[in-house]
1. Rank-order 158-169, 270-281, 115-126 by packing density, defined as the average count of other C-beta atoms within 10 Å over each peptide's residues, highest first.
2. By how many nm would the segment from ALA164 to ARG190 grow when fully extended, if each residue of separation counts as 0.36 nm and the alpha-carbon distance is taken off?
3. Net charge near GLY206: determine it from the other residues with C-beta under 9 Å of the C-beta of GLY206, scoring Lys and Arg +1 and Asp and Glu -1.
4. Roughly how many Å² is the accessible area per residue of region 75-148, as a whole number, for a 1.4 Å probe?
5. Can you compute the FRET efficiency between THR122 and GLN175 using 1/(1 + (r/R0)^6), with r the Cβ-Cβ distance and R0 = 35 Å? Round to the nearest 0.05.
6. When ranked by the protection proxy of mean other Cβ atoms within 10 Å per residue, highest first, what sequence do the peptides 214-221, 173-180 form?
7. Quick one: with all protein chains in place, what share of the accessible area of region 132-263 is carbon or sulfur, to the nearest percent (1.4 Å probe)?
8. Provide the net charge surrounding GLU236, with neighbours chosen by a C-beta distance below 10 Å and charges set as Lys +1, Arg +1, Asp -1, Glu -1.
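The values are calculated or read from the model by the stated rules, or taken from the named source; none is laboratory data. None of these values were measured; they are calculated from a predicted model. All Cβ positions, glycine included, derive from the backbone under ideal geometry; neighbour counts span all protein chains shown. Ligands, DNA and RNA are excluded from the accessible area calculation, which covers all protein heavy atoms including side chains. Shrake-Rupley method; radii C 1.70, N 1.55, O 1.52, S 1.80 Å.
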Amino acid sequence: MVGTWLFALIIGFFLGHFPRTGEFTTFDIGQGDAALLREPYNKTITLIDTGGKVSFQKPCFSGQGSAENNPHGKQGWPKNQEGHARSVIVPYLHARGISRINTLSLSHQDQDHIGDARVILTTFQVDQVLLPAGMTKQAAFRKRIQPYLGRTKVVSVTDRVQPANLPLRVLHPFQPGIGENEDSIALGGRVGPLVLFTAGDLDQAGEKKVLARYPSFRPDLIKFGHHGSRTSTNKEVLAKWQPTHGLISAGRKNRYGHPNQEVLAIAAQQKMIVYDTRRQGMLRYVYENHNKGHFQVKSFNDLTNSKTTN
């Protein structure tokens, strides 16, 4: 009896900490962006952006001074300046048996993409942080990322740099920039039976450049750029790629009107199935191998078939 109980306990621990399925999960963190790519059995763990609280006021530091002088102290960065990483992303990763992140890819310097990098870097062991080439020279890196790195390696990437233990390919940027939307890191590659494309806030011009540089690349699943803004999602690019599914990360009743109705109309023309964190919460694509995968969302209503707006 004791042996059977112990065996069941070991099996339960193994399955809980090393799931046989992989996943690409878009977190429901409001008006921001964060996604997890976890390979089966936790072979590699990749976190793409961290979200962060969008604020029009500068953080008010107190007590011990700036975050640079107090990288691990609670007073260095007030919790009311944090987004939802601590309450959403951290518990989810722990529940999946994750204590180490192989790659934290930060697409560009906007607060809603990197604002909670501190939370991730001080909670988990992170092997490497990917940044678009040129971003390490910017204030956003020095204030929001550098003080919390510890032993984490920083890798400045272009599409000519392919970091170790990254299951996706870097498709953009092509040259150093300053970490703006047009410099966003674009990643592509296979996630189970689907090919994924995710590119932060990359604009339409950048999408066209990716298409021109990689004409044989054909994603099935795209994470819409810039939260479904019309500055991203080029109509001609989508027509060439013909993806079947799309994911949108945007906040409920956000002030920007994301996702844009023109973008949804373009997706509808391509007969895409589109899911959205505003209506369906966390979006999970779970896969077992190269032939089998499925979406797990609260509702399977296709956003492009809905008549309601923001």
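1. Per-residue mean Cβ counts within 10 Å order the peptides as 115-126, 270-281, 158-169.
2. Net length gain for the segment: 7.7 nm.
3. So the environment of GLY206 carries a net charge of -2.
4. Ligands and nucleic acids excluded, the result is 35 Å² per residue.
5. The computed FRET efficiency comes out at 0.65.
6. Ranked from most to least packed, the peptides come out as 173-180, 214-221.
7. 46 percent
8. Residues close to GLU236 contribute a combined charge of +2.
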